[in-house]
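One structure is given below, encoded as structure tokens.
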Amino acid sequence: MMTVKDEDRVEDFLERIRQAWDAGDAAGYAAQFAEDASYVIFMGDAMFGRTAIAQTHHEVFTRWQKGTRMAVKPVNVRMPNKFTAVVTTVGGIGTGDRIKFDKFQTFTLHRREGRWECVAFQNTEMSRRSKRAHRS
């Protein structure tokens, strides 16, 4: 079971996301998102709500991305106030020892009862130029 510290950091949130992905835990992954979160993937599909995120990721973890691991690294964190963080990351999914960064993600986080949860997520495939600049 993943634990939450009294003062949850952005890095703690990203680690929970990564651990749930690596474990193929759709419910644990979705639990990091707000009940009414929006989730947009690089292919242009959108889902809304924690239930839809869990259902979709059950398929992801048992079919298309079974056995994959996630790499994620923050490249920009902005905090308009103490309850909101806009986090841009580089990330990737893979099975090898070294996972290449090939996506930019934007997480809009809201602090609720001391814990960060994602209220909006956008995932975008990197350009070739960005892939060269952000080699993992």
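Among 26, 54, which is in contact with a His (Cβ under 7 Å, 6 or more places away or on another chain) and either at pLDDT 95 or above or of a type outside the set (D, E, K, R) (or both)?
Of the residues listed, the single one that is in contact with a His (Cβ under 7 Å, 6 or more places away or on another chain) and either at pLDDT 95 or above or of a type outside the set (D, E, K, R) (or both) is 26.
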Boolean, residue 8 is open to solvent by 70 Å² or more (accessible area, probe 1.4 Å) and either in contact (Cβ under 8 Å) with a residue 60 or more places away in the chain or not in a helix (DSSP H, G or I) (or both)
no
Does region 52-70 include one or more residues that are within 18 Å of residue 115 (Cβ to Cβ), polar (S, T, N, Q), surrounded by 15 or more Cβ atoms within 10 Å (Cβ to Cβ) and in contact with a helix residue (DSSP H, G or I) (Cβ under 8 Å, 6 or more places away or on another chain)?
no
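Here's a check for you: in region 39-51, which residue that is part of a strand (DSSP E or B) and in contact (Cβ under 8 Å) with a residue 60 or more places away in the chain is least open to solvent (accessible area, probe 1.4 Å)? Outline the logic, then answer.
Going residue by residue through region 39-51, those that are part of a strand (DSSP E or B) are 39-40, 46-48.
Going one step further and asking which of them are in contact (Cβ under 8 Å) with a residue 60 or more places away in the chain, we end up with 39-40.
Details: 39: 9, 40: 37 Å².
Residue satisfying both the conditions and the ranking: 39.
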What do you reckon, is residue 36 open to solvent by 60 Å² or more (accessible area, probe 1.4 Å), closer than 23 Å to residue 135 by Cα and among the acidic types (Asp, Glu)?
no
What do you reckon, is residue 77 touching a His at 6+ places or on another chain (Cβ under 8 Å), within 18 Å of residue 123 (Cα to Cα), of a type in the set (A, V, I, L, M) and at pLDDT 95 or above?
no
Being closer than 30 Å to residue 133 by Cα and of a type outside the set (Asp, Glu) is true for just one of 94, 28. Which residue is that?
94
Given (1) under 17 Å from the mean Cα position of the chain (by Cα); (2) within 18 Å of residue 14 (Cβ to Cβ), identify the lone condition not met by residue 79.
(1)
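The values are calculated or read from the model by the stated rules, or taken from the named source; none is laboratory data. A quick note: this is a predicted structure, and the numbers were derived from the prediction, not measured. With ideal geometry, Cβ positions are generated from the backbone for all residues, glycine too; neighbour counts draw on all protein chains shown. Just so you know, the surface numbers come from the protein's heavy atoms only, side chains and all, with ligands and any DNA or RNA stripped out. Shrake-Rupley method; radii C 1.70, N 1.55, O 1.52, S 1.80 Å.
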